[in-house]
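First the structure, in the form of structure tokens, and then the observations on it.
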Amino acid sequence: MKNIYTSVKISLGVQQDSIASAIQQTGSTYGRKMMTGYLLADGVLASERRVGKILKTMNRPYNEMRRRGARNLNPVPYHADYMGHKVHIDQNEKLIMFGVTHVLAIDGYSSKVVAHATMPIKNTLTIYEDVYRVCCQNTDITFKGNHTSKPHQQRII
């Protein structure tokens, strides 16, 4: 059986030219992994190590910013100051074919389950009575630092 795989060696200068044109096309946001994939899609086979070295020499300020993590930090989507400040209500219907639906209320500050309900089919009245209403009653007294305060009274009908 013949070897059907062939490899073509590309010189460092040709790879640098390919990466330089790719930087012109994509901008300065691609790192070594993204640039390697982009080059491979164009038919240029280069190792991540070589692409990283070329990017470091040709694109130095952007490489330094990526190394320091300027864009790699995930922003915090929200911030809860105290328990009861933000509550997340979520449901899981994966077992609906077996007649089970779970609904949970999770506190955004402590990540604790503050209310839950399990029902055979999704029922908005059950969710309101067993999850939302209980959650509002449980978080009636909130803690701010060392002080305990009672927020505005909510009228639940």
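Any chance region 37-48 includes a residue that's part of a loop (DSSP other than H, G, I, E, B), at pLDDT 80 or above and under 30 Å from residue 136 (Cβ atoms)?
No, region 37-48 has no match at all.
Summed over region 19-37, the residues that are of a type in the set (Ser, Thr, Tyr) and crowded, with 19+ Cβ neighbours inside 10 Å give a count of 2. Against the conditions (1) farther than 30 Å from residue 132 by Cβ; (2) in a helix (DSSP H, G or I), residue 97 satisfies every one except (1). Within the bounds of region 133-146, is there any residue that is at pLDDT 75 or above and hydroxyl-bearing (Ser, Thr, Tyr)? No, region 133-146 contains no residue that is at pLDDT 75 or above and hydroxyl-bearing (Ser, Thr, Tyr). Answer yes if at least one residue in region 110-126 is charged (D, E, K, R) and either in a helix (DSSP H, G or I) or touching a residue at least 40 places away in the same chain (Cβ under 8 Å) (or both), and no otherwise. No: region 110-126 contains no residue that is charged (D, E, K, R) and either in a helix (DSSP H, G or I) or touching a residue at least 40 places away in the same chain (Cβ under 8 Å) (or both).
The values are calculated or read from the model by the stated rules, or taken from the named source; none is laboratory data. All values reported here derive from a predicted model rather than from experimental measurement. Positions of Cβ are backbone-derived with ideal geometry, glycine not excepted, and every protein chain shown enters the neighbour counts.
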